[in-house]
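Okay, structure first, notes after.
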Amino acid sequence: MVAIGAVFTLARFSEAFLVLRAQQVGIAAAWVPLVMVAMSGVYAASAYPFGKLSDRIDHRRLLALGMVVLIASDLALAAAHGWVGLGVGVVLWGLHMGMTQGLLAAMVADTAPADLRGTAFGFFNLLSGLAMLASSAIAGLLWTASGRPSPSTPARDLPR
């Protein structure tokens, strides 16, 4: 289960890229924090209903559906040219988080022996963190290779 969670996390990247994408599509700097607020709000609002649903349906099916939502989010974010496209991607990202994060924790708890549950969660979070680091580094390299401005490029040097 820990390996499945790590592989699943490899398909994600840091939410910091949501903020970078918002800046890139021309959202004013003062409004960029709303990206994280919106994503977190959708995540919070969807976590309970999807947690309840996960008690009734096969976990693997819900996890697969969460992956489909993540892919849809990534595609929406890649195609975004303004608030609407960005908003769709951010909402889908939050929905994906609500669908999968509690589910992954439940799957770890279900598969770990009771006397090793804390160790299992620690190992799961270690591997998930390393996978997130790797996926974010790869995303950053792809971002740079595609000609996107790097996060350290001063705003005055960006094309208008």
- Message: Please rank R56, R12, fewest neighbouring Cβ atoms within 10 Å first, as an exposure proxy.
- Response: R56, R12
- Interatomic Cα distance distribution for the range 73-126, bins of 10 angstrom, percent: 24, 30, 21, 19, 6, 0
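Where does each of H81, H59, H96 land when they are ranked from fewest to most other beta-carbon atoms within 10 angstrom?
By the 10 Å Cβ count, ascending: H81, H59, H96.
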- Task: Could you calculate the FRET efficiency of T144 with R60 from 1/(1 + (r/R0)^6), where r is the beta carbon distance between them and R0 is 45 Å, rounded to 0.05?
- Result: 0.80
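With a cut-off of 8 Å between alpha carbons and a minimum separation of six or more residues, what is the relative contact order of the chain in percent? Show your work: numbers first, answer last.
On the way: 154 pairs, mean separation 54.6, N = 160.
34 percent.
Only counting other Cβ atoms within 10 Å, I'd like L77, L142 sorted with the fewest neighbours first. List each step's numbers first, then the result.
On the way: L77 20, L142 11.
Lowest to highest Cβ neighbour count: L142, L77.
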- Item | (i) 2, 9, 16, 19, 19, 14, 9, 6, 3, 1, 0, 0; (ii) 1, 7, 12, 12, 10, 9, 10, 11, 10, 7, 3, 2, 2, 2, 1, 0; (iii) 2, 9, 19, 23, 22, 16, 8, 2, 0, with the label sought being that of the calculated P(r) over Cα pairs in 5 Å bins from 0, in percent | (i)
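The numbers here are math on the coordinates, done by the rules we state, and not lab data. Keep in mind that this is a model prediction, so the values were computed, not measured. Glycine also receives a Cβ, built like all others from the backbone with ideal geometry; neighbour counts cover every protein chain displayed.
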